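Scroll down for the structure; my scribbles are underneath it.
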Amino acid sequence: MADLTPDEKQRLHDFAEEIARLAEHHEGQWKVQTSDSRILVAMMSPTAPHGLNVVRLRRQIEAQAPEVVALNDTNMHDPATGLTKIPDLMVITEEDADDTAKTVDPHDVLMTVEVVSPSNSLDDIREKAGDYPRMGIPVYVVVDPRHGKQTVTVHSDPAPGPDGLRYRKTVPYAFGDTVVAGRWTLDTSGLKAYPAHW
């Protein structure tokens, strides 16, 4: 989105918000997010393994740092880039949580966590790994419970380079490993894999 003018970024954000308002009147739950100059709309179909993974990670994160909250499915918008995201988990200090704001400021976010869905894996694996460093997110954790994968990848150290602002450190783990993500240590032995037929 570096080539969009501030006015174009605002128009994209306003249009995404309008789509989100329309989606509220339709059956099912919808996530409306932006990436580059695109609006991404996905129907959410939460599954038990996905939800259990999110809850188990949330409990660990909050237990290790009582001053933080791990918000789930909450809007985050960055006016500087025009990007809007709704991560599975975003970790912020409770002091920085503004209960009067429509969206969370990504510059207050300490870490985001995405649990890959069976139908929309590229968004979490590729798109957000490029968008989150541009939004100022210092640590991004991707949990992939798909059959044959069962991995956790920690992206960190966002810095500018020849390809723009990107994460410069990526560490892969397998389910069962003890994962270091920023100031957190996560036990992944309780994470649930998706069934083979998904």
Q. For region 159-197, what are the residues that are in a strand (DSSP E or B) and either under 15 Å from the mean Cα position of the chain (by Cα) or under 18 Å from Arg59 (Cβ atoms) (or both)?
A. Tyr167, Thr178, Val179, Val180, Ala181, Trp184, Thr185, Leu186, Asp187
**Q.** Subset of region 55-70 (residues that are surrounded by 20 or more Cβ atoms within 10 Å (Cβ to Cβ) and within 26 Å of Tyr194 (Cβ to Cβ))
**A.** Leu57, Ile61, Ala70
Q: Determine the pairs where a residue that is farther than 19 Å from Pro79 by Cβ, located within region 120-137, has a partner that is open to solvent by 50 Å² or more (accessible area, probe 1.4 Å) with Cβ atoms under 8 Å apart, the partner being 6 or more residues away or on another chain.
A: Ser121/Arg146
Q: Tell me which of these Asp187 doesn't satisfy, since it passes every other one: (1) open to solvent by 50 Å² or more (accessible area, probe 1.4 Å); (2) on the phi > 0 side of the Ramachandran plot; (3) at pLDDT 95 or above.
A: (2)
Q: Spot the failing condition for Val139; the list is (1) open to solvent by 10 Å² or more (accessible area, probe 1.4 Å); (2) in contact with a Leu (Cβ under 8 Å, 6 or more places away or on another chain); (3) modelled with pLDDT under 95, and only one is missed.
A: (3)
Q: Would you check if there is a residue in region 144-160 being touching a His at 6+ places or on another chain (Cβ under 9 Å) and hydrophobic (A, V, I, L, M, F, W, C)?
A: no
**Q.** Candidate set from region 125-135 (those that are within 25 Å of Tyr194 (Cα to Cα) and open to solvent by 10 Å² or more (accessible area, probe 1.4 Å)); member that is modelled with the highest pLDDT
**A.** Ala129
Q) Do we have any residue at all in region 110-119 that's assigned to a loop (DSSP other than H, G, I, E, B), under 17 Å from the mean Cα position of the chain (by Cα) and of a type in the set (Val, Ile, Thr)? A) yes
Q.
The conditions are (1) over 12 Å from the mean Cα position of the chain (by Cα); (2) in a strand (DSSP E or B), and Tyr140 fails exactly one of them. Which is it?
A. (1)
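Is it the case that some residue within region 107-124 is hydrophobic (A, V, I, L, M, F, W, C) and open to solvent by 50 Å² or more (accessible area, probe 1.4 Å)?
Yes: region 107-124 contains one or more residues that are hydrophobic (A, V, I, L, M, F, W, C) and open to solvent by 50 Å² or more (accessible area, probe 1.4 Å).
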Q. Pick from region 71-98 the residues that are aliphatic (A, V, I, L, M) and under 19 Å from Val115 (Cβ atoms): which of them is surrounded by the fewest Cβ atoms within 10 Å (Cβ to Cβ)?
A. Leu71
Q.
Of everything in region 145-157, what is open to solvent by 50 Å² or more (accessible area, probe 1.4 Å) and either of a type in the set (Gly, Ala, Ser) or touching a helix residue (DSSP H, G or I) at 6+ places or on another chain (Cβ under 8 Å) (or both)? Give them in sequence order.
A. Arg146, Gly148
Q.
Among the residues of region 80-90, are any without any contact (Cβ under 8 Å) to a residue 12 or more places away in the chain, over 28 Å from Ala48 (Cα atoms) and among the hydroxyl-bearing types (Ser, Thr, Tyr)?
A. no
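The values are calculated or read from the model by the stated rules, or taken from the named source; none is laboratory data. Quick caveat, the model's predicted, so the values are computed rather than measured. Positions of Cβ are backbone-derived with ideal geometry, glycine not excepted, and every protein chain shown enters the neighbour counts. Side chains included, ligands, DNA and RNA excluded: accessible areas come from the protein's heavy atoms. Shrake-Rupley method; radii C 1.70, N 1.55, O 1.52, S 1.80 Å.
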